[in-house]
Amino acid sequence: MLATMKKIYLFVLPLLFVLQGADAQVLQLKPEQVRGLGIATESVDDGLNGMFKRLPARVEVPAGQIQSVVTTLDGVLEAVLVAPGMPVRKGQTVARIVAPQSLDLQLAHAEASARAAQARAALKRDAQLYAEGIIPQSRLELTRTAAQEAAARLTSSERALTLSGATPGRMEAVLGLKSRIDGIVLEQTVAAGEHVTAGSAVARIGRLAPLWLEIQVPQQIAAQTKLGDKVSAPAFGASGKIIAVGRALDAATQNVMLRAEIVEGAARLSPGQLVEADLQSSSAAGHAVPARALARDGDKTFVFIAGGDAKAPSFEARPVKLVGQAGDTFFVDGVKRGERIAVQGVAGLKAMLVGGGE
């Protein structure tokens, strides 16, 4: 009991001095006091100046980098050759569908091809007859028009076959559905054996570089954010910049959405993933400090600036001026780059300051 009281006495009484100054007060502590109060500091240069940390964000694939593999014909899905997460190449077959309607398209294409060949032959013949003065020019123009119409119908039938996945000249009812981009399978929407109708999506494929971060922030942060401001997801070593600042408020949270394009480290992120993002604002007024670093006494607000050394640490209670707020981040005038401020143990420091060292 006596030993415990002795330790408390040594901790409280002889280890603290309050030095009065013209503009600030300095608390002179002992190393064991710093440890006992759980005091921790952060440097203004280490991201407190204009930095908003740990903002909730969601990883998304840019809209222009997503392709839905769809069928243009009714049929039954015979096989799905890919699964979510698998990489695919442009032109790779991702599924096969049995579509009897493709036989009708093949027949129509064969007929259009034959008519186009006949029209070309007729045009060649009439051009020769016109050159010899046997037929009038009006006859030649009619033949040329017929040839152009036949060629247009042939082109249309070829495109219909290509969209369906069929190959011109091959009478087949089993068609391959192919990817039009290099990417990753994001979703498989149907399974083998299911009946599908024209326009049904079989799979969604996305190109995952770059990616977007959609960041939800209070209005105050959005107001201090500009296009080009730096964004990072430190836990994944990913970084990029702001490309859009939303105007609409979320009805439930009253937050605004910021969109960042992530180029560096995008491969370490996954679509739909929830991450914490840091935003470096280029237009934030004053220096950004976390709310937990501020202490108030009446109408005064101050922070504790670390000084001294490991053997004789000190903390200056410096008055600051509040110039803005964004959530749990405050913007203040009165601190400088390179200074370290207390962000933990502030309540203990304030108690010492108000109590005059007791």
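The values are calculated or read from the model by the stated rules, or taken from the named source; none is laboratory data. Keep in mind the model is a prediction, meaning the values are calculated, not measured. Ideal geometry is used to build each Cβ from the backbone, glycine not excepted, and the neighbour counts take in all protein chains shown. Accessible surface areas use protein heavy atoms only, side chains included; no ligands, DNA or RNA. Shrake-Rupley method; radii C 1.70, N 1.55, O 1.52, S 1.80 Å.
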Original post:
For region 161-173, what are the residues that are touching a residue at least 60 places away in the same chain (Cβ under 8 Å) and open to solvent by less than 60 Å² (accessible area, probe 1.4 Å)?
Top reply: 164, 165, 166, 172, 173
Original post:
Quick one: residue 256 ticks every box in (1) farther than 30 Å from residue 318 by Cβ; (2) open to solvent by 40 Å² or more (accessible area, probe 1.4 Å); (3) not charged (D, E, K, R) bar one, so which box is it?
Top reply: (2)
Original post:
Which condition does residue 265 not pass, out of (1) open to solvent by less than 30 Å² (accessible area, probe 1.4 Å); (2) in contact (Cβ under 8 Å) with a residue 40 or more places away in the chain; (3) not aliphatic (A, V, I, L, M), if it passes all the others?
Top reply: (2)
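Out of the residues in region 87-97 meeting the condition of being open to solvent by less than 80 Å² (accessible area, probe 1.4 Å) and either farther than 22 Å from residue 158 by Cβ or not β-branched (Val, Ile, Thr) (or both), tell me which one is farthest from the chain's Cα centre (by Cα).
Quick first cut of region 87-97, residues open to solvent by less than 80 Å² (accessible area, probe 1.4 Å) only: 88, 91-95, 97.
Narrowing the set further to residues that are either farther than 22 Å from residue 158 by Cβ or not β-branched (Val, Ile, Thr) (or both) leaves 88, 91-92, 94-95.
Working: 88: 22, 91: 27, 92: 27, 94: 27, 95: 29 Å.
The residue in question is 95.
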Original post:
Pairs under 7 Å by beta carbon, first residue on the phi < 0 side of the Ramachandran plot and modelled with pLDDT of 75 or more in region 40-57, partner in a strand (DSSP E or B) and among the hydroxyl-bearing types (Ser, Thr, Tyr), six or more apart or different chains?
Top reply: 52/329
**OP:** Could you tell me whether residue 280 is touching a residue at least 24 places away in the same chain (Cβ under 8 Å), open to solvent by 30 Å² or more (accessible area, probe 1.4 Å) and closer than 30 Å to residue 346 by Cβ?
**Re:** yes
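Looking only at residues in region 174-192 that are among the β-branched types (Val, Ile, Thr) and in a loop (DSSP other than H, G, I, E, B), which one is surrounded by the most Cβ atoms within 10 Å (Cβ to Cβ)?
Pass one, region 174-192, residues among the β-branched types (Val, Ile, Thr): 174, 181, 184-185, 189-190.
From what's left, in a loop (DSSP other than H, G, I, E, B): 181, 189-190.
Details: 181: 14, 189: 15, 190: 17.
My answer is 190.
This table checks each residue for (1) open to solvent by 20 Å² or more (accessible area, probe 1.4 Å); (2) out of contact with any strand residue (DSSP E or B) (no Cβ under 7 Å at 6 or more places or on another chain); (3) among the basic types (Lys, Arg).
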| site | (1), (2), (3) |
| --- | --- |
| 297 | yes, yes, no |
| 309 | yes, yes, no |
| 323 | yes, no, no |
| 331 | no, no, no |
| 336 | yes, yes, yes |
| 342 | no, no, no |
| 346 | no, no, no |
| 354 | yes, no, no |
Subject >> Every pair of residues 6+ apart whose Cβ atoms lie under 8 Å, when the first sits in region 91-116 and is under 12 Å from residue 160 (Cβ atoms) while the second is basic (Lys, Arg) and open to solvent by 50 Å² or more (accessible area, probe 1.4 Å) >> reply: 106/170; 112/153
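Tell me the residue from 146, 152 that is loosely packed, with under 14 Cβ neighbours inside 10 Å, at negative phi, in a helix (DSSP H, G or I) and aliphatic (A, V, I, L, M), please.
Values: 146 fails: loosely packed, with under 14 Cβ neighbours inside 10 Å.
Step by step, each of 146, 152 is checked, and only 152 is loosely packed, with under 14 Cβ neighbours inside 10 Å, at negative phi, in a helix (DSSP H, G or I) and aliphatic (A, V, I, L, M).
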